[in-house]
Structures are given as C-alpha cells and as structure tokens.
Amino acid sequence: MKRLSFFLTALLLVSSLELMAQVNFTVCTYNVKSFEIENQELSGGKSFQMQFFYDAFRDLNADIYCINELEILTSRMEQRNLLTDLAAELGMYSAFGKSYDKDVGLYGNGLISRFPILSVHSKLLPKPAGSADQRSVMWADILHPSGQIFRVVVTHLDHIGGAEDQLRTIAKDESITKTDHPIILMGDMNMGEGQVNYILQDNFKCMAFNWVDYIGVASKNGTFTASGRRVESFNSLSDHAAVLTQLTYSK
C-alpha cells in the first residue's frame, strides 16, 4: 500500500512539473498598411480611424503582435504615435523598430505584448540593388508570467528585390539567434512558402502562414507546437489579413 501511495505521489509530481514546463500563448502577425484602412467604403475615404483597428485587435485577442508597414508621428497622421495609442487602448506594452525617417516621423515595424518587454534591439537589413526601400529587423526579449523569456523577432522584407538575402541575413545573425531563449520569428516575408521554408530550414520551423505573412519558431532547449491557424481580414481593413496561432512551448 505504501509503495502504491509513493508511486501515485511521484506520478502526480511528475505530471505537475510537466504542466509547469508547458507555456501557452497566442501570437499574431499583421501588416496594417499604416492604419490607412484599405476598404474606402468602410472608412468613408478617411484614414487613421483607429476605432476600427481597436475593435479588430480586441477580437484577435492575441498575447503578442507583430505589426508591419507601420508609420508613426508623420505629418499626415498629425504626428500621432498610433502604435502607442493602440497599445494603451489594449492595456499592453509596445516597442518600435525604425527602418527609415518618413517626413517628420518614422517608418518601420512594431511589437505589442501582453507581457513585459525586457529589452529591444533593431538593425537595418541589407538593401540590394533593385530593392524598394530600406528594411529592418527588430527583436525583443519578453517575460512570460511563467518566468520563461521568449525572444520575438519582427521583420518586413522588401517586396521588389532582396527579400531572400534579407531573410538569410536574419537567420544567420548571431546577435539575434545566439540565445538560450526560445525564438519566435514573425512578419511579412514577401515570399512564397517554399522560398521561406528553404531559407529557414536549418534554423526555424514555420508554424503558420497566409500569403506572405509567416510565424516561425526556433528553440535549443525545448519544443514548440502550434494549435490551429486563424486568418482574419476584418472587412479588408488592410490589404493583408491577420494571421494567428496558439503556441505551446515545452521544455
């Protein structure tokens, strides 16, 4: 009887440790087209009506968002920082990675997180001949309530030329990838699934995508699994759809 009791106690302990080692959260990548609102009938021809996006992001209900094609503080949006406006509306943390100056403001990539952002870094990507404009990559270490730190990498690659070189640069950049933290790579890659998977095959695993928007993961000390894929266009707020998946990370 004592042996059975000991066995059951040990089994419960192992099960509890396994549950503690599993971390669940939802991630989303969304190219918002500078919050301009693609659907002119919906917007009445007026850009930057953020209530539409506030409602959309609430409906998405993700824990971490990658936001592409983002401009902030420009004259046409009356020098508002729409990223911090959105984060405040959702009660979340935010970070911005600059690609280039745009009139009196900035253009680049954004990150919104339900969990605290511990650090943020950003760098410019190569701009090969034939590229449309300067692109960048940003990465942030995010503290999950479980105590696990995740590195979230956000990028938007060139849509005319150079996307493959830019993605290879990210995959090989040790300042981004040389970490014990599990990594989540998200963004508008402007490439087909075959190209992205071929370039990332030695470093990242694709977990969800739609058109040119991808969510990939990498980990040295654990395993990611994905549960489902959700794609939302919200009556064409943008020319891209939001792509979501629930990730489970297990050590």
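Where a number appears in this text, it was derived from the coordinates with a stated rule and is not lab data. The model shown is predicted, which means the values in this text are computed figures rather than measured ones. We place every Cβ from the backbone using ideal geometry, glycine too, and count neighbours over all the protein chains shown.
Taking +1 at the Cβ of each Lys and Arg and -1 at the Cβ of each Asp and Glu, which of T29, N210, S113 sits farthest along the dipole of the chain towards its positive end, judged by Cα position relative to the Cα centre?
Of T29, N210, S113, it is S113.
Helix 163-172 versus the longest principal axis of the chain: what angle, 0 to 90°, nearest 10, using Cα atoms?
Computed tilt is about 40 degrees.
Would you kindly state how much longer the chain becomes between S43 and N61 on full extension, computed as 0.36 nm times their sequence separation minus their alpha carbon distance, in nm to one decimal?
This chain segment gains 4.2 nm when fully extended.
For segment 236-251 and segment 126-147, write down the distance between their C-alpha centroids in whole Å.
Result: 17 Å between the Cα centres.
How would you classify segment 188-250 from its alpha-carbon gyration tensor, with a ≥ b ≥ c the square roots of the eigenvalues: rounded for a/c under 1.5, else prolate if a/b is greater than b/c, otherwise oblate? Provide the component values of the computation, followed by the final result.
On the way: a/c = 3.36, a/b = 1.43, b/c = 2.34.
Because a/c hits 1.5 or more and a/b fails to exceed b/c, segment 188-250 counts as oblate.
Work out the FRET efficiency for Q79 and L118 from their Cβ-Cβ distance, taking R0 = 25 Å, and round it to the nearest 0.05. Provide the component values of the computation, followed by the final result.
On the way: r = 29 Å, r/R0 = 1.15.
Given R0 = 25 Å and the Cβ-Cβ separation, E is 0.30.
What relative contact order, as a whole-number percentage, does segment 104-200 give when Cα pairs under 8 Å and 6 or more residues apart are counted? Could you put the intermediate results ahead of the total?
Working: 171 pairs, mean separation 24.1, N = 97.
It rounds to 25 percent for segment 104-200.
For the chain, set up a Gaussian network in which alpha carbons nearer than 10 Å are linked by springs, and say which option among K205, K102, K33 fluctuates the most.
So, out of K205, K102, K33, the one fluctuating most is K102.
Which residue, H156, H121, H240, has the most motion in a Gaussian network model of the chain that connects Cα atoms within less than 10 Å?
H121
In the set (1) 17.5, 55; (2) 19.6, 77; (3) 19.3, 72, which value of Rg and Dmax of the Cα atoms in Å was calculated from the structure you see?
(2)
Quick one: grab the alpha carbon gyration tensor of segment 25-99, order the square roots of its eigenvalues as a ≥ b ≥ c, and give me rounded if a/c is under 1.5, else prolate or oblate depending on whether a/b is larger than b/c. Please list the in-between numbers first.
On the way: a/c = 1.74, a/b = 1.25, b/c = 1.39.
Oblate is the answer for segment 25-99, as a/c is 1.5 or above yet b/c matches or exceeds a/b.
If the limit is 29 Å between Cα atoms, which of K33/K205; K123/K205; K102/K205; K102/K178; K98/K172 go over it?
In this structure, K102/K205; K102/K178 exceed 29 Å between Cα atoms.
Starting with the highest mean, order 161-173, 47-59 by the number of other Cβ atoms within 10 Å, averaged over the residues of each peptide.
Highest-to-lowest ranking by the protection proxy: 161-173, 47-59.
Round to the nearest 10 and give me the degree value, 0 to 90, for the angle of helix 50-60's Cα axis relative to the longest principal axis of the chain.
Tilt relative to the chain: about 20 degrees.
Would you mind working out the magnitude of the charge dipole of the chain relative to its Cα centre, with +1 at each Lys and Arg C-beta and -1 at each Asp and Glu C-beta, to the nearest 20 Debye?
1080
Helix 2-21: angle to the longest alpha-carbon principal axis of the chain, degrees 0 to 90, nearest 10?
The helix 2-21 is inclined about 10 degrees to the chain.
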